[in-house]
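The structure appears right after this line, and notes come after that.
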Amino acid sequence: MRIAELIKLTEVEGPGRRAALWLQGCSIRCPGCCNPEFLDPHGGQDRDPLALADELAALPVEGLTLLGGEPLDQAAELEILLRRLRARGDFGVILFTGYPWNIVRTRFPQILDCCDLVKAGPFEAAHHPDPRRWIGSTNQTIHALTDRYRNLAAAWPAARREIEIHLRGDAIVINGTPLPDTPWPGPHPLEPPAPAPRRPVLSPTLPLRRSP
Ligand code: SF4
């Protein structure tokens, strides 16, 4: 499977302490997408879903948030990852997809079988911002599939502007929900390293995750 980014510990991509995985490639192409670097299905890194699931299962986190790109564009690989992850232990799974809920529930039941909570629907700039935390536009819908996050779904927290700054080697990786129109100069951390002199880079990528 192709991934755009993995943050192994975050507190701004869903409730509690979680891992966040951005899958590479998206066929939906919402105008105003905040992660344009993640749209090319040939970009990012190639990872074996079983090995990635084992890596995730060993992390000291409550669960996993799946973002993109569009996670469901790699449904077969995603199912392999999630079934392995579920088999390895107690792991909450939250899926952010740009597909509307009627498509998700009819075309991807095998993925829903492995998820606890889904945010569904494309990013619509005309309906942005959204007063809900982690949600990009007011057309997007929330679906609790198990009891794990049902209380969260029933009393969804209010939006807040928040970012994390992660140090990775000589790069700085930023994720979260920054102020509108914040410039994010610099290459994606998974791109080939820039020629010398090397210096810390600001990643625009992980970012602005309000969408899908
Ligand atoms: S907002 Fe999400 S669903 Fe829409 S184009 Fe961007 S990655 Fe794809």
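Every read-out reported here was derived from the displayed coordinates using simple, explicitly stated rules and does not represent laboratory data. Fair warning: this is a prediction, and the values are worked out from it, not measured in the lab. Here Cβ is always computed from backbone atoms with ideal geometry, including for glycine, and neighbour counts include all displayed protein chains.
Around Asn139, under 10 Å between beta carbons, what's the net of Lys plus Arg minus Asp minus Glu among the other residues? Please report the intermediate quantities before stating the final value.
Values: positive: none; negative: Glu124, Asp130.
Here the charged neighbours net out to -2.
Shown in residue order for the range 37-53 are the 3J(HN,Hα) couplings computed by the Karplus curve 6.51 cos²θ - 1.76 cosθ + 1.60 at θ = phi - 60°: 5, 9, 7, 5, x, 9, x, x, 10, 8, 10, 6, x, 5, 5, 5, 4 Hz (x for Gly and Pro). A P(r) calculated from all alpha carbon pairs of the range 2-159, with 5 Å bins opening at zero, reads 2, 9, 19, 24, 23, 16, 6, 1, 0 percent. Quick one: net charge of Arg148's neighbours, Cβ under 11 Å, K/R +1, D/E -1? So the environment of Arg148 carries a net charge of -3. The magnitude of the dipole of the range 2-159, with charges of +1 and -1 set on the Cβ of Lys/Arg and Asp/Glu and taken from the Cα centre, is near 380 debye.
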